[in-house]
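Taking it in order: structure first as structure tokens, then the write-up.
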Amino acid sequence: AQTVTQSQPEMSVQEAETVTLSCTYDTSESDYYLFWYKQPPSRQMILVIRQEAYKQQNATENRFSVNFQKAAKSFSLKISDSQLGDAAMYFCAYRSNGGGSNYKLTFGKGTLLTVNP
Amino acid sequence: DGGITQSPKYLFRKEGQNVTLSCEQNLNHDAMYWYRQDPGQGLRLIYYSQIVNDFQKGDIAEGYSVSREKKESFPLTVTSAQKNPTAFYLCASSRGRTETQYFGPGTRLLVL
């Protein structure tokens, strides 16, 4: 079974600075997707960014980018020019793209990000 | 506006009572999902549905039931068999089961 590990329960960053959130995963598959979701205090899960495993190029969305290291099974999220609105719980998630379980998202336990003014 | 709605925002359950959580989407998505979130945990899959009149158990289906009579709607019933129902429940949908999942605002269920 796939597992997703977020080793940093909490992180903090100064406004306008850069922060990196870590995620590692365990899988024997070669075709899959990885996601970062954000859960602000409202508790709604919001998609931040997604990465397809067969793509070498790291995904970027405005101030958010990932460092995808497939061999190391690592998928970190970098937030540049941090803003107060970035404060939230961030979840890393894995989804297979083959076989019978490719409907299911497997989540890490989350990293709580605090942004200090 | 297209989106996913969940109601109620808060729900209280008495001992031995069944309660139903609503999830509606107007995104024309085929697949819908129910997840449970406990404090300090990620989300765990309860049930999912790929198409109307079809649904499958997820990792923690015991004590829950669902129906999918309409494409737009995927209600979740928390039965009295679920001994620890206090949690935050999130509904999600996707165009197909291999597509990105988008989430509703959630329902917080508390036991009286």
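As a footprinting exposure proxy, order B:L21, B:L11 by other Cβ within 10 Å, with the fewest listed first. Don't jump to the answer; show the numbers that get you there.
On the way: B:L21 21, B:L11 18.
Ordered from fewest to most neighbouring Cβ atoms within 10 Å, B:L21, B:L11 come out as B:L11, B:L21.
Here is the link list: A:K70/B:K9; A:K38/B:K71; B:K57/B:K83; A:K55/A:K78; A:K55/A:K104; A:K109/B:K70. Which ones come out longer than 29 Å on Cα distance?
A:K70/B:K9; A:K109/B:K70
Would you mind ranking A:R95, B:R95, B:R13 by Cβ crowding within 10 Å, fewest neighbours first? All intermediate terms of the calculation are to be shown ahead of the outcome.
Details: A:R95 22, B:R95 14, B:R13 17.
Listed from fewest to most nearby Cβ atoms, that is B:R95, B:R13, A:R95.
Over the Cα atoms, compute the radius of gyration (one decimal) and Dmax (the largest Cα-Cα distance, rounded to a whole number) for chain B, in Å.
When restricted to the Cα atoms of chain B, Rg and Dmax are 13.1, 38 Å.
Taking N as the number of residues in the protein assembly as shown, what is its Cα Rg relative to 2.2 N^0.38 Å? Mind dumping the intermediate values first?
Details: Rg = 17.7 Å, N = 229, 2.2 N^0.38 = 17.3 Å.
Normalised Rg, Cα atoms only: 1.02.
Which value in nm describes the separation of the simple spin-label points at B:Q17 and B:N53, placed 7 Å from the Cα toward the beta carbon?
Result for the modelled spin labels: 3.4 nm.
Name the residue, out of B:G40, B:G63, B:G16, whose mean-square fluctuation peaks in a Gaussian network model built on chain B with Cα pairs under 10 Å.
B:G40
Where in chain A lies the longest segment free of GluC sites (Glu not before Pro) that are both loop residues by DSSP (not H, G, I, E, B) and have at most 16 other Cβ atoms within 10 Å?
Numbers: sites that count: A:E15, A:E17, A:E29.
With a cap of 16 other Cβ atoms within 10 Å, the longest stretch comes to A:30-117.
Within chain B, what's the longest run with no GluC sites (Glu not before Pro) in a DSSP loop and at most 11 other beta-carbon atoms within 10 Å? Give the range, please. Walk me through the numbers on the way to the answer.
Working: sites that count: B:E15, B:E62, B:E69.
Between the exposed loop sites, the longest stretch runs B:16-61.
In nm, to one decimal, how far is the modelled label at A:T5 from the one at A:E61, with both set 7 Å along Cα→Cβ?
2.6 nm
Since every read-out is calculated from the coordinates, none of them should be taken as a lab result. Being a predicted model, the structure only gives us computed values, none of them experimental. Cβ coordinates were reconstructed from backbone atoms using ideal geometry, including for glycine residues, and neighbour counts include every protein chain displayed.
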